[in-house]
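J.: First the structure, which I've put down as structure tokens, then a few questions once you've had a look.
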Amino acid sequence: MTSAGLPVTFDVTDTPGIPFTRLFKVELRKAFDTRAGRWLVGVTAGIALVADLIIAIVLAAKDENLAYGDLVAGAAFVCSVLLPVLGIMLVTSEWSQRTAMTTFSLEPRRMRIVMAKMLAGVALTAFVIAFALVVGVLCNLLYVAFGGSLDWTFGWSGFFAFIATQTMAMLGGFALACLLLNTPAAIVVFFVYKWVLPGLFAIGAALMAWFNDLVDWIDFQSAQNRLFDGGLTSTEWGQLVVSGVIWLVVPLVIGLWRIQRAEVK
Amino acid sequence: MSAVATGLDTLDVSGTPRVPFTRLVSVELRKLADTRAGRWLLISIAAVTLLVLIIQMAVVLGQGLHVKFTDFLQGMNIPMAILLPVLGVLSVTSEWSQRTAMVTFTLEPSRLRIVAAKFVSILVIAPVALAIGLVLAALANVFYGAVSGDTVVWGNPGRSALLYLLLYVLSMASGFALGALFLNSPAGIVFYVVYSFVLAIPFEIAAQLMDWFKSLRPWIDFNFAQGPLIDTTISGKEWGHLVTSGLIWLVVPLLIGIWRIRRAEVK
């Protein structure tokens, strides 16, 4: 009653919004400063290293040829399995660990958070790619030490395909996570889509002529793999875009809409 | 102060019977189905199985293929093999991720009994899942015979059913073992799917490259060893493959996992 002159409103008009760079940095930190995140990044890097070591040693022992590009592909294979899980957990852990309340209170514009998360995922992908390149160098030298002949053949079209497929793998996980907002469900659906569905598509295509014509347009994995062969025809680009819209853009758009409206508990 | 409450300052539970094991099992069974996650998982398993069989039926009839009962069994096995182990993983890990372990282990401090009850409850789910799968596959086979006019081939359905029961018990138990080993849903699920679907590729490459690995592989690759079970052609040495690889991928993780649950801090 006696509070003479005390402001009854909280004036934040002069307070600047949280800069996007800070959101990005926070989301990047969240990706590996928890036990789950740190182990995931650590295990990914560790298995990639072990896989390349095995490849280098076995092929040297068998007197098989091995080029730098093969080693990078080996490391990439391992990373492409676990990177999407990181993309998934970036989104779903907010809901399963119930940190979404804090996150969205500090920055109520949810889309900025989601964009920051997506960029953090892309940044981690870049980190993993760099890591795969370094591991490839080390294991290539090791291969030589075991008696192989040095071959730095790498293939730039393969490299760009590598970057593209890794990024899309991460984004694919991210999109499914936004769609389902639940860690186990997103992981299961992602692995089914990535590892089980191509086999079923192949069976269907072998059995049915009409499906054989259709499958190239809906099988995102095969469309991406054609990037490794380089020199896509305009039809193949079209197939990449169409299948990408189905598996990447549609789940992402529905997922973003869901995050925008989801109750934060 | 006033000595009215004499004899009541200790709580005498020596005459209280312990929680019967059957009650623990029925509680654990209920836990599998009465949460949103669990219920949806069970519904998805049945729904996806039905969907797979419908697609398979459309392909078979559209192409005029000749199929047998075991072909439909293999069709319905695809979703079952993926989702049943997830149920096994979640039956253990949800206690830790949803933090219900505190309540569970307070009401029954003998943790091994809880673990045993959970294990029995997933073993109960295996025949239920099998029954649903068998009924759907049998309906599919009858429907196929009626529409295509081909002779319906049943093979030896009793033996197939028994082998698939073993398959589902093994896959539920594998999921359970990984759940106990990691006590973390994403880790358990990722490890399971990576092992089941991803590792097959490097294993296959290695088997092509190295003869010694090719002859070793069935003995150590549990997934590979389960192949003859799915084809219902398993015999002789293949049973040995199943046992040794199962020891590596099922028994060892399960034992380590149970040891972990006994000692883990309940938060």
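The values are calculated or read from the model by the stated rules, or taken from the named source; none is laboratory data. Remember, it's a predicted structure, so these values are computed and weren't measured experimentally. Here Cβ is always computed from backbone atoms with ideal geometry, including for glycine, and neighbour counts include all displayed protein chains. Protein only, heavy atoms only, side chains kept; ligands, DNA and RNA dropped before computing areas. Shrake-Rupley method; radii C 1.70, N 1.55, O 1.52, S 1.80 Å.
J.: So if I place +1 on the C-beta of Lys and Arg and -1 on the C-beta of Asp and Glu, and nothing else carries charge, what would the dipole magnitude of chain A be about its Cα centre? I want it in debye, nearest 20. Please report the intermediate quantities before stating the final value.
T.: Details: 17 positive and 17 negative charges, 222 e Å.
Rounded to the nearest 20 debye, it is 1060 debye.
J.: To continue, here is another question. Treat every Asp and Glu Cβ in segment B:19-263 as -1 and every Lys and Arg Cβ as +1, leave all other atoms uncharged, and give the resulting dipole magnitude about the Cα centre to the nearest 20 debye. Before the final figure, lay out the partial values.
T.: Details: 17 positive and 11 negative charges, 192 e Å.
Roughly 920 debye for segment B:19-263.
J.: Work out from phi, with θ = phi - 60° and the Karplus expression 6.51 cos²θ - 1.76 cosθ + 1.60, the ³J(HN,Hα) of each residue of segment B:46-53, listed in order in whole Hz, and give x for Gly and Pro.
T.: 5, 5, 5, 4, 4, 4, 4, 5
J.: For the interface of B with A, what's the total buried accessible surface in square angstrom, probe 1.4 angstrom, rounded to the nearest hundred?
T.: Working: alone 14620 and 14600 Å², together 27440 Å².
Approximately 1800 Å² gets buried when B meets A.
J.: Using a 1.4 angstrom probe on protein heavy atoms only, which residues from segment B:177-213 are buried by at least 20 Å² of accessible area when all chains are present rather than their own chain alone?
T.: B:Pro186, B:Ile189, B:Val190, B:Val193, B:Val194, B:Phe197, B:Val198, B:Ile201, B:Leu209, B:Met210
J.: Each residue of segment A:68-82 in turn: what ³J(HN,Hα) in whole Hz from Karplus with 6.51, -1.76, 1.60 and θ = phi - 60°, glycine and Pro shown as x?
T.: 4, x, 5, 5, 4, 5, x, 5, 5, 4, 5, 5, 5, 6, 9
J.: Also, I was wondering about something else. Along the charge dipole of chain A, pointing to its positive end and built from +1/-1 on Cβ of Lys, Arg, Asp and Glu, which listed residue (A:Ile54, A:Val189, A:Leu200) has its Cα farthest out?
T.: My answer, from the dipole projection, is A:Val189.
J.: Roughly how many Å is it from the Cα centre of segment A:113-133 to that of segment B:33-100, as a whole number?
T.: Their Cα centres are 33 Å away from one another.
J.: Counting each DSSP H run of 4 or more residues in chain B as -39500 (n - 2.57), what helix-only mean residue ellipticity at 222 nm follows after dividing by all residues, to the nearest 500 deg cm²/dmol?
T.: Working: 12 runs with 201 residues, N = 267.
About -25000 deg cm²/dmol.
J.: Top mean-square fluctuation among A:Gln221, A:Gln166, A:Gln97, Gaussian network model of chain A, C-alpha springs under 10 Å?
T.: Result: A:Gln97 has the largest fluctuation of those listed.
J.: Something else now. Quick check of the Kirkwood formula: for chain A, what is the inverse mean of 1/r over all pairs of different Cα atoms, in Å?
T.: Details: mean 1/r = 0.0483 Å⁻¹.
Mean inverse Cα-Cα distance, inverted, gives 20.7 Å.
J.: Compute the convex hull volume of the Cα atoms of the protein assembly as shown, divide it by the residue count, and report the result per residue in Å³ as a whole number.
T.: On the way: hull volume 130.4 nm³, N = 532.
So the per-residue Cα hull volume is 245 Å³.
J.: Quick one: Karplus J couplings for segment A:105-112, per residue in order, coefficients 6.51, -1.76, 1.60, θ = phi - 60°, nearest Hz, x for Gly and Pro?
T.: Using θ = phi - 60°, the values come out as 7, 6, 9, x, 7, 4, 5, 5 Hz.
J.: Further question: To make sure I understand the rule: partners must be aspartates and glutamates, Cα under 17 Å from the Cα of A:Lys30, and not fewer than 8 residues away in the same chain. Which ones qualify?
T.: A:Glu94, A:Glu107
J.: Right, here's the next one. Roughly speaking, to the nearest percent, how much of the protein assembly as shown's 1.4 Å accessible area is carbon and sulfur? Spell out each step's value before the answer.
T.: Numbers: 18940 of 27440 Å².
On the protein assembly as shown, the fraction of accessible area on carbon and sulfur atoms equals 69 percent.
J.: Over chain B, what per residue volume does the convex hull of the Cα atoms give, in whole Å³? Each step should come with its number before you reach the end.
T.: Details: hull volume 45.5 nm³, N = 267.
Per-residue hull volume (Cα only) is 170 Å³.
J.: Here's a follow-up. Of the residues B:Ala146, B:Ala46, B:Ala101, which exhibits the maximal mean-square fluctuation in a Gaussian network model of chain B defined by a 10 Å Cα contact cut-off?
T.: B:Ala146
J.: Given a 1.4 angstrom probe, what's the average accessible area per residue across chain A, in square angstrom? Can you show the working numbers first?
T.: On the way: 13720 Å² over 265 residues.
Ligands and nucleic acids excluded, the result is 52 Å² per residue.
J.: Further question on the same structure: Using a cut-off of 30 Å between alpha-carbon atoms, which lysines can reach B:Lys31, once sequence neighbours fewer than 8 places away in the same chain are excluded?
T.: A:Lys265, B:Lys118, B:Lys267
J.: Taking accessible area as the heavy-atom solvent-accessible surface of the protein chains with a 1.4 Å probe, which residues of segment A:68-117 lose no less than 40 Å² upon going from the isolated chain to the full protein assembly?
T.: A:Phe77
J.: Roughly how many debye, to the nearest 20, is the charge dipole of the protein assembly as shown about its Cα centre, given +1 on each Lys and Arg Cβ, -1 on each Asp and Glu Cβ, and no other charges? Show your work: numbers first, answer last.
T.: On the way: 36 positive and 31 negative charges, 339 e Å.
So the dipole magnitude of the protein assembly as shown works out to roughly 1620 debye.
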